[in-house]
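Accompanying notes for the structure given below.
The values are calculated or read from the model by the stated rules, or taken from the named source; none is laboratory data. Note that the structure is predicted; figures quoted are calculated from it, not measured. Methodologically, a virtual Cβ is constructed for each residue, glycine included, from the backbone with ideal geometry; neighbour enumeration extends over all protein chains shown. Just the protein is used for accessible areas: all its heavy atoms, side chains included, with ligands, DNA and RNA removed. Shrake-Rupley method; radii C 1.70, N 1.55, O 1.52, S 1.80 Å.
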Amino acid sequence: MSVLEIRDLHVTVETDEGTTPILNGVTLTIRTGETHAIMGPNGSGKSTLAYTIAGHPKYTVTGGSITFDGEDVLAMSVDERARAGLFLAMQYPVEIPGVTVTNFLRTAKTAIEGEAPALRTWTKDVKESMKNLRMDPKFAQRNVNEGFSGGEKKRHEILQLELLKPKIAVLDETDSGLDVDALKIVSEGVNRAKENTGLGVLLITHYTRILRYIRPDFVHVMVAGRIAEEGGPELADRLESEGYDRYLEPVADAGA
């Protein structure tokens, strides 16, 4: 079993107004086989947490720690974090002109595993995963995310998840911009990856609709850069009916 431990994490970002605190003491433990949902209003720090785990240079850790199986994640480069088994599905996947989906996926798999996958087996796995995600086979020859719709970009993120087989996946608002059909297909992909590999999932979302398909074991409410409340799936159900007003009254917005 692998464990991602976040302890008293404090993170700042540079803005036009100067150094701005975003995370103000986040503590969280995620194990393989578990699904954690982080919910909260806009500007509560959810995406900052995701990018900090992944190693985005925009964010500065000013206190606390992140460890993965006892190793210091903050001392790792971005590629070292990926090789260790951490994965980020981005809210806004970037386009990579000149790099086909096929080349991108095989290069990423080679970098993580340390050797190129056997071509015959790899091709079969890619085709099967694309079929499961209802992706046109022609997408394999297109440039990464170039001209993709929002739903196609999100399916491509889950295609990476299925093929790269990380230990812990952080899904940053993977449900945003998806219609009902695409949401169901993407959710099925996440559930399939978890069933096949024992994946641990940290799912960041504003809404409960994706939680109808990806049922969380734990729900954490983030407000103003802190975890304001924790519970089981019933907490998400309560948030759907009550919203976040009860958390926002005594605190100010912490930023994006």
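Remarks
- Scanning the stretch 109-123 for residues that are modelled with pLDDT of 95 or more and within 15 Å of Glu162 (Cβ to Cβ) returns a single hit, Lys109.
- Selected residue (only one of Asp237, Asp175 is within 14 Å of Ile38 (Cα to Cα), surrounded by 18 or more Cβ atoms within 10 Å (Cβ to Cβ) and without any contact (Cβ under 8 Å) to a residue 40 or more places away in the chain): Asp175
- Count - residues of the stretch 62-91 that are free of Cβ contacts under 8 Å to residues at least 40 places away in the same chain and of a type in the set (Phe, Trp, Tyr): 0
So that you can scan it fast, the table gives a plain yes or no per residue for (1) modelled with pLDDT under 90; (2) closer than 22 Å to His10 by Cβ; (3) crowded, with 21+ Cβ neighbours inside 10 Å:
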{"site": "Thr205", "(1), (2), (3)": "no, no, yes"}
{"site": "Ile210", "(1), (2), (3)": "no, no, yes"}
{"site": "Val223", "(1), (2), (3)": "no, yes, yes"}
{"site": "Arg226", "(1), (2), (3)": "no, yes, no"}
{"site": "Gly232", "(1), (2), (3)": "no, no, no"}
{"site": "Leu248", "(1), (2), (3)": "yes, yes, no"}
{"site": "Gly255", "(1), (2), (3)": "yes, yes, no"}
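- Criterion violated by Lys138 - all others in (1) part of a helix (DSSP H, G or I); (2) buried (at least 17 other Cβ atoms within 10 Å of the Cβ) satisfied: (2)
- Against the list (1) part of a loop (DSSP other than H, G, I, E, B); (2) open to solvent by less than 30 Å² (accessible area, probe 1.4 Å); (3) under 30 Å from Leu28 (Cβ atoms), the condition Tyr92 fails is (2).
- Inclusion of Val78 among residues that are out of contact with any Lys or Arg (no Cβ under 6 Å at 6 or more places or on another chain) and either charged (D, E, K, R) or farther than 21 Å from Met222 by Cβ (or both) is warranted.
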